[in-house]
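Colleague: First, the structure itself, so that you have it in front of you.
The values are calculated or read from the model by the stated rules, or taken from the named source; none is laboratory data. Predicted model only: the values in this text are computed from it and were never measured. Counting neighbours? That spans all protein chains shown, and the Cβs are built from the backbone with ideal geometry, glycine included. Remember, those area values only see protein heavy atoms, side chains included, never the ligands or the DNA or RNA. Shrake-Rupley method; radii C 1.70, N 1.55, O 1.52, S 1.80 Å.
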Amino acid sequence: MREYKNEIPQHLAIIMDGNGRWAKNKGKNRLFGHTKGVKAVQEVVEECAVLKIKYLTLYAFSTENWNRPEEEIGVLMKLLLSSLKSEFEKLLKNRIKLNVIGNTDQLPMSVQKELDYVIKQTENNSEMTLTLALSYGGREEIESAIKQLAVKVKNNIISPEKIDQSIINEHLYTRDLPDVDLLIRTSGEKRISNFLLWQIAYAELYFSKVLWPDFRKKHLHKAITNYQKRERRFGKTSEQLLQ
Ligand code: FPP
């Protein structure tokens, strides 16, 4: 195991991108890329547990991904279902708590049931929280928080003056998670793609050229080492940080 002298991120979020291009480069179809992407998910989750990263959030399926061909959506859902089943024991063994964010009502019933089961069975685990963003969109999440707050204002449960950032936070899917410290996106694209818009306000961004199915421990280590070299000032000056 590699030791890190400096702080490791408390909350790491990953946009796993490039499955389709990885497959195309190999003359295969996109679905093959997703299947190989599962291996990278397994390795990254295991390594984050070893590194004692407390929160890992993976962008597994966006609201926009519903526009993909039906066959591809079907394969992604099947991979999700089979991974939930095959990784269950490992989650228990490593004391990892499963969490999900997004509009999960839209997922197939079989996936919803399996998610409910694994979430329930792992709810007391405290080594790491693994959050899967499924049918997730950052703007939808903020829209949903605003709607909930509007209803509370209308019903005199809360007054508009009381609404502040911490109350908004409590109405997001991520209410139990801290802000993101490090966001990694693979495949060379430099976009946020509607992921955790509110939560990445002060995150460090790291873009890797590696396509997701090729992303391994060493690439994760490289991202973390890079993060550790950065000075996070949160709006302050370097001098103030030394005080
Ligand atoms: C992006 O690649 C990847 C996805 C949309 C899905 C990610 C899903 C997995 C890695 C497998 C299942 C997940 C879990 C949590 C077990 P892309 O298809 O957008 O690639 P492209 O940009 O090269 O076309």
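Colleague: What does the accessible area per residue of segment 148-243 come to in Å², with a 1.4 Å probe and no ligands, DNA or RNA counted? Write out the running numbers ahead of the final one.
Modeller: Numbers: 5900 Å² over 96 residues.
Counting only protein heavy atoms, the per-residue value for segment 148-243 is 61 Å².
Colleague: Sort 107, 92 from largest to smallest accessible area, using a 1.4 Å probe on the heavy atoms of the protein chains.
Modeller: Values: 107 5, 92 60 Å².
From most exposed to least exposed: 92, 107.
Colleague: For a 30 Å ceiling on Cα separation, which of these pairs sit above it: 93/229; 90/113; 54/113; 24/218? Kindly include the intermediate steps, with their values, before the conclusion.
Modeller: Values: 93/229 33 Å; 90/113 19 Å; 54/113 26 Å; 24/218 24 Å.
Checking Cα-Cα distances, 93/229 exceed 30 Å.
Colleague: Here's another thing I want to ask about it. Considering the dipole of the chain built from charges on the beta carbon (Lys and Arg +1, Asp and Glu -1) around the Cα centre, which of 82, 136, 201 is farthest to its positive end?
Modeller: 82
Colleague: Given R₀ = 35 Å, what would the calculated FRET efficiency be for residue 25 paired with residue 202, taking r from the Cβ atoms and rounding to 0.05? Walk me through the numbers on the way to the answer.
Modeller: Values: r = 35 Å, r/R0 = 1.01.
The formula returns an efficiency of 0.50 here.
Colleague: Comparing 17, 105, 179, which has the greatest mean-square fluctuation in the GNM of the chain with Cα pairs linked when under 10 Å apart?
Modeller: Among 17, 105, 179, the largest mean-square fluctuation in the Gaussian network model of the chain belongs to 105.
Colleague: May I pose another question? In what order, largest first, do 204, 46, 70 sit by accessible area if the probe radius is 1.4 Å?
Modeller: Numbers: 204 35, 46 80, 70 165 Å².
I get 70, 46, 204, largest accessible area first.
Colleague: Moving to a separate point now. Which one, 146, 96, 119, has the greatest fluctuation when you compute a Gaussian network model over the chain with C-alpha springs under 10 angstrom?
Modeller: Sorting by GNM fluctuation, first place goes to 146.
Colleague: For the pair residue 121 and residue 50, how long in nm is the line joining their label points, each one 7 Å along Cα→Cβ?
Modeller: 2.5
Colleague: State to the nearest 20 debye the size of the charge dipole of the chain about its Cα centre, where the only charges are +1 on K and R beta carbons and -1 on D and E beta carbons. Kindly include the intermediate steps, with their values, before the conclusion.
Modeller: On the way: 39 positive and 31 negative charges, 178 e Å.
Computed about the Cα centre, the dipole is about 860 debye.
Colleague: Nearest 5 is fine: what % of DSSP beta bridges in the chain come out antiparallel, could you say? Spell out each step's value before the answer.
Modeller: Details: 0 of 26 bridges.
So the antiparallel bridges amount to about 0 percent of the total.
Colleague: Still on this structure: Run a plain Debye calculation on the chain (Cα atoms as equal point scatterers, no solvent) and give log10 I(q)/I(0) at q = 0.12 Å⁻¹, rounded to two decimals, same order as the q list.
Modeller: Scattering profile of the chain, log10 relative to I(0): -0.73.
Colleague: Mind giving me the nanometre distance, one decimal, between the label points for residue 237 and residue 143, set 7 Å out from Cα along Cα→Cβ?
Modeller: 4.4
Colleague: Round to a whole number: what % of the accessible area of the chain belongs to carbon and sulfur, probe 1.4 Å? Write down the numbers at each step before the final one.
Modeller: Values: 6800 of 13670 Å².
Within the chain, the accessible surface is 50 percent carbon and sulfur.
Colleague: I'd like the GluC sites (Glu not before Pro) in segment 91-133 restricted to DSSP loop residues with at most 11 other Cβ atoms within 10 Å, sorted by number. Don't jump to the answer; show the numbers that get you there.
Modeller: Details: sites: 114, 123, 127; in loops: 123, 127.
Sparse-neighbourhood loop GluC sites (Glu not before Pro): 123.
Colleague: Counting chymotrypsin sites (Phe, Trp or Tyr not before Pro) as exposed when in a DSSP loop with at most 12 other beta carbons within 10 Å, what is the longest stretch of the chain free of them? Spell out each step's value before the answer.
Modeller: Details: sites that count: 202, 234.
So the longest stretch without any such site is 1-201.
Colleague: Pairs 97/217; 78/222; 39/97: which are spaced more than 25 Å apart, C-alpha to C-alpha? Could you put the intermediate results ahead of the total?
Modeller: Details: 97/217 21 Å; 78/222 31 Å; 39/97 20 Å.
Violating the 25 Å Cα-Cα cut-off are 78/222.
Colleague: A further question follows. Could you give the distance between the Cα centres of segment 20-61 and segment 150-209, to the whole Å?
Modeller: The two parts, judged by their Cα centres, are 23 Å apart.
Colleague: Could you tell me which of rounded, prolate or oblate describes segment 140-243, using a ≥ b ≥ c as the square roots of the eigenvalues of the alpha-carbon gyration tensor, with rounded for a/c under 1.5 and, failing that, prolate when a/b is larger than b/c and oblate otherwise? Don't skip to the answer; put the middle values down first.
Modeller: On the way: a/c = 3.48, a/b = 1.66, b/c = 2.10.
Oblate, because a/c is 1.5 or more while a/b does not exceed b/c.
Colleague: Go ahead and set up a Gaussian network model of the chain, Cα springs under 10 Å, then flag whichever of 188, 33, 102 fluctuates most.
Modeller: In this elastic network of the chain, the residue with the biggest mean-square fluctuation among 188, 33, 102 is 188.
Colleague: Okay, next question. Which value, in Å² rounded to 10, gives the accessible area of residue 233 with a 1.4 Å probe and all protein chains present?
Modeller: 110
Colleague: Okay, next question. Among the aspartates and glutamates, select those whose C-alpha is under 12 Å from the C-alpha of residue 190, and discard any that sit fewer than 8 residues away in the same chain.
Modeller: Filter leaves 17.
Colleague: At 1.4 Å probe size, with no ligands or nucleic acids counted, give the accessible surface of residue 36 in Å², nearest ten.
Modeller: 90
Colleague: How large is log10 of I(q)/I(0) for segment 33-85 at q = 0.14, 0.18, 0.26, 0.30 Å⁻¹ when the intensity is taken from the Debye formula with one equal scatterer per alpha-carbon?
Modeller: Result of the Debye calculation: -0.44, -0.68, -1.10, -1.24.
Colleague: While we're here: Charges only on Cβ, +1 for Lys and Arg, -1 for Asp and Glu: so what's the dipole of segment 115-154 about the Cα centre, in debye to the nearest 20? Could the numbers behind the result be given before it?
Modeller: Values: 5 positive and 6 negative charges, 64 e Å.
For segment 115-154, the charge dipole is close to 300 debye.
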